[in-house]
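Chemist: Supplied in structure tokens, the structure appears directly below.
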Amino acid sequence: MRKNISLFASLLLFFLWGCTANVSEDKNRGEDLKKSASQQAEISSTPTASASETKSVSTESYKEPTTAHKEPTLAQIRKAQERLKAAGFNPGPIDGLLGAKTKAAVRKYQASHGVERTGTLDEKTLRSLGVE
């Protein structure tokens, strides 16, 4: 009987030792998770510049050129294509897009009408074509 009690006590101690080891491992794991969560919170709470702030910072030093070129609207391009075609310059399809054929037609028009030859529909060219 004494041998059985000894064996039982040994098993009980072994079991308890195993449980306490697991508890301390779980406790350490829990602390690691807490540290990880707090580090993640620190990272996410670090202030960063939003897209609008970044944009305002990057454009603060930008100065508009004195000869600013306004891009023509799709309607203006379409109207210019119609006028170029009527004047005998082939701008390609009348689609409102400033493609290669339209640019070539604009250059030919500019050369034949004494407008600076840029190949773009600038204000002078649009005015010359009668496009507002």
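Chemist: Taking the stretch 90-132, which residues are in a loop (DSSP other than H, G, I, E, B) and farther than 14 Å from Ile77 by Cα? Step through it out loud before you land on a result.
Modeler: Filtering the stretch 90-132 for residues in a loop (DSSP other than H, G, I, E, B) gives 90-99, 113-122, 130-132.
Within the stretch 90-132, His113, Gly114, Val115, Glu116, Arg117, Thr118 meet the criteria.
Chemist: Filter the stretch 79-132 down to the residues that are of a type in the set (S, T, N, Q), touching a Ser or Thr at 6+ places or on another chain (Cβ under 8 Å) and buried (at least 17 other Cβ atoms within 10 Å of the Cβ) and list them by number.
Modeler: Residues satisfying the conditions are Gln81, Gln110, Thr125.
Chemist: Applying the selection to the stretch 91-126, what residues are in contact with a Leu (Cβ under 8 Å, 6 or more places away or on another chain) and at negative phi?
Modeler: Pro91, Leu97, Leu98, Thr102, Ala105, Val106, Tyr109, Thr120, Leu121
Chemist: Now, a different point. Please specify each residue of the stretch 71-94 satisfying the condition of being out of contact with any helix residue (DSSP H, G or I) (no Cβ under 7 Å at 6 or more places or on another chain) and not hydrophobic (A, V, I, L, M, F, W, C).
Modeler: Scanning the stretch 71-94 gives Glu71, Thr73, Arg78, Lys79, Glu82, Lys85, Gly88, Pro93.
We did not get these values from a lab; they are worked out from the coordinates using the rules stated. Everything quoted here is computed from the prediction, not taken from an experiment. So basically every Cβ, Gly included, is an ideal-geometry build from the backbone, and we count neighbours across all protein chains shown.
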